[in-house]
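Just so it is clear, none of the values below were taken in a lab; they were calculated from the coordinates. No experiment lies behind these values; they were computed from the predicted model shown. Neighbour counts are summed over all protein chains in view; Cβ atoms, including those assigned to glycine, are modelled from backbone coordinates with ideal geometry.
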Amino acid sequence: MKESTNSAQVEHGRIALGYAIVLGLALVAGALLALGLGMQPLAGRGGGASAEGFRRLYSVHGLLLVFLVVLPAIPAVLGNWMLPRALGRSAMALPRLNLLAFQIYVVGALALLLAVCFAPADAGWSFELPYALTSSASLGWSLLAMAVLATSFVCSSLNLFATVIASRGGGRTWGELSPFSWSIAIASLMQLIAVPLLFVALVLLAAQRSGAADVLGTGPAADVRFAQWFWLFGHPALAGALVAALGIVAEVISTHTSGPRAATRVEATSMIAIAVLAFAAAGVHVLGRGLSDADAAGTSALALATGLPFALIVLGWVRELQGPQLRATPALGFALCFLVLLCVGGMSGAFLAVLPTASALRETCFATAQFHYLVVGGTLSALFAGLYLAWPRWFGVEPRAGWGFGACALFFLGINLAFFPLFVLGYLGQPRRSTEIVAGGEHLGELSAFGTALVVVALVITAWNLLSSLLGERKTAEEAA
Amino acid sequence: MSATLAFATGGMLPQASSFAASVDQSFDLVTWFAVFLGVLVTGGLSLLLVGPRAPAAVQRRRLMQYGALAALLLVVGFFVQGARVWADMQVVPRGAFPIAVALEDKGWSFTYPNGFVTGELHLPIDRPVRFLFKGSERAYSFAIPAFRMQVPVALREDRVAWVQPTLAGEFDLRTSIDPRAETSIQVQVHAEGGFDKWYQDISGPDLTLPPIELGQKSYQMRGCTQCHTVDGSKLVGPSFKGFATRIHKLTDGTTVEPTDEYIKESVLDPQAKVVEGFEPVMPSFRGRLQDIEIAGLAAYIKSLQ
């Protein structure tokens, strides 16, 4: 079936490049918005956007980065680039569906762009109730764009999952899959299950907002009910992005060391455990919002348990890294960066899962910091590690290592400067998404804005370094000709 | 919280409630471990990068087993410690001082057991306080970082929480759920004895006193003396001397008889009828005085010759 469609258009490498371009643009836009957000509290009284403008700013920032960058980043870009080769295939199992997924993604991205320009949402990317119900902004466009993008994710995941499954014919078994293939299979299965739940949440919200049906109810627990639906999608979907990140980092580490390969069996089992726990512990987002005591304790335990499989994977890598040889490349640099950010993000997650600290910290920017360490720091460093790994394989050119290391160091520094201060601010009681900064936190706010600027610079250098290496290749090709 | 953060932030956030210490303990537990892990990971990685490479034979075989066991113990430890503190926070102690809380358009409103309603939050030290949060048409959260307390109140849903302040002083109270309602005020925790005095002041006179005596007490306790006198001298407001034997001329040129109704209206809705020669600056006492106390005031004011 794979050979029947050999049109160059459906070639997965081109699709990956297409994703990379749209995604890169969205990433830069989202990062610039982040810079604007970081500046807001500092602009202080007088300057800066209105409260209304600020809400639009963070909503648009979140929507762009989550739906156009974080969720598709690794499966769509690196999956398309590397999966068939990792499986020893020449094409995807469902190339047409894969192409369709990309086309829908582009349509979704355009729809989101229109929404951003003409009808910006103002209730955050997770549409918090009751605000999302009473907000006077027209959320319709954003909801529509999300639904389109969700459709794309379903198609894309279906193809990736099918490709892994199909590859096992001809004597290949599950045991022979690389951790990267495993991670893509698990991550796409997670999306396949989680994304339809997003449809449910979107329909519930749209129906309730339009007044078409009283589905969420206006009863006491309506907003918690919606949040539960939403996070039943959001938590596993983001965890899926992390699973894919784990896979690519495992790949990078194993190609850079000579230590004993971490047991793929342990890694795969851990990833499956992460997937299961991600669905089970989604309630952690409504911890302290009217869950019964037993539910709260159960959710807390499940959320904490999520740390265990991560720990197992990291331990395996550490053992691997101890091997006699280590090849230093920007790819490894970003992989190690991922490792540290994962540890910080994971450990700080414990604060939000342990009941008393969770109730003291929820809705503060501590949660913002934790989310960004994992979702931004983690996904992006894994994406860059993967890009530096895949680039030479795909284009036959080496991006300059010096700039790569420099961008990596800057990225690492930037992420830590941008988000570590938010842990402290959150502890001091700084509410999340506020235009005002808590007394005594001004310098921390400045530090954070500075860190965000560093991240933007690191992104620009990375993009430039990767793209300019392509120009170099053309030259050598001409010279060779 | 922990020494780490206190150090990082110059100790800006005090431990002002009995929870603060135990929540901070949870905090410390996780923080110290996070720091430990951070040092281990970053240090270990740096060593790996610059240090000599171990020969293949000397791989730490048991790393996985021990590491996994340590992680498991930690997770269980975190959970148990946290759950204990949490359980403590759920059970309101008997005899806690009750205060009803609501967030209205004009800001917070706190109702004390004597029926006194105010926008200020005053708390006793070292005594448990039970908050009853009244659900309203908007969800809000009630957060006092110095107490490590944050209570989310859902739409139209009542909720109970308690806290025991352990430090006198003023602390920030914030709300953060609904982005439109950023209402931050100061909570006043009175030092030993200070709260009782404040509470007695707002409690007003003993309502079982005979009307004129009740009125006199009320006149003194409710701050009427800031603007009124009984000896004929003018302050911000007219004197009550000979109140019952005068005709009261108003700014609109009409006059009014010194009846009980007029006094009641003056107290509840002072701007309805403004006495000639005075500014309309008297505050309304609506919600602060019960009818019986107003009747006492009327009796007292009319009794002044």
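Details
- The stretch A:349-382 and the stretch A:121-171 have their alpha-carbon centroids 22 Å apart.
- Counting Cβ atoms of other protein chains within 10 Å of each Cβ in B:75-87 and taking the mean gives 6.
- DSSP finds beta bridges in the stretch B:97-198, and of those with both partners inside it, around 75 percent are antiparallel.
- Pairs of Cα atoms farther than 17 Å apart, the stretch A:347-453, %: 59 percent
- Estimated Rh, the protein assembly as shown: Kirkwood, alpha-carbon pairs, angstrom: 29.3 Å
- Within 10 Å of the Cβ of each residue in A:360-367, the mean number of Cβ atoms contributed by other protein chains is 5.
- Distance between the C-alpha centres of the stretch B:281-305 and the stretch A:223-239: 56 Å, rounded to the whole angstrom.
- Descending semi-axes in whole angstrom, ellipsoid equivalent of the stretch A:124-198, from the Cα gyration tensor: 37, 11, 7
- If you wrap the tightest convex hull around every Cα atom of the stretch B:97-198 and split its volume per residue, you get 86 Å³.
- Cross-link reach is defined here as a Cα-Cα straight distance under 29 Å, omitting same-chain residues fewer than 8 places apart; for residue B:249 the lysines meeting it are B:217, B:234, B:241, B:264, B:273, B:302.
- Neighbourhood charge, 10 Å Cβ-Cβ cut-off, centred on residue A:124 and excluding it, Lys, Arg +1 and Asp, Glu -1: +1
- Rounded Å value of the spacing that divides the Cα centres of the stretch A:62-119 and the stretch A:274-338: 25 Å
- Working note: Karplus 6.51/-1.76/1.60 with θ = phi - 60° gives the stretch A:359-369 the couplings 6, 7, 9, 4, 6, 9, 7, 4, 5, 4, 4 Hz, where Gly and Pro are set to x.
- By average C-beta atoms within 10 angstrom, highest first, the peptides A:410-416, A:136-142, B:85-91: A:410-416, A:136-142, B:85-91
- As a calculated quantity, the FRET efficiency between residue B:73 and residue B:192 at R0 = 30 Å, using C-beta atoms, amounts to about 0.10.
- In a DSSP loop and with at most 15 other Cβ atoms within 10 Å, the GluC sites (Glu not before Pro) in the stretch B:238-286 are B:276.
- Computed from Cα atoms alone, the Kirkwood hydrodynamic radius reported for chain B is 24.4 Å.
- For the protein assembly as shown, calculated [θ]222 nm from helices alone, where every DSSP H run of n ≥ 4 adds -39500 (n - 2.57): -19500 deg cm²/dmol
- Mean partner shielding of peptide A:315-327, defined as the number of other chain Cβ atoms within 10 Å of each residue Cβ, is 5.
- Calculated on C-alpha atoms, the gyration radius of the stretch B:205-303 divided by its Kirkwood radius gives an Rg/Rh of 0.93.
- Between B:151, A:206, B:141, the Cα set farthest toward the positive side of the dipole of the protein assembly as shown (charges on each charged residue's Cβ, about the Cα centre) is that of A:206.
- R0 of 60 Å, Cβ-Cβ distance residue A:114-residue B:114: FRET efficiency to nearest 0.05: 0.55
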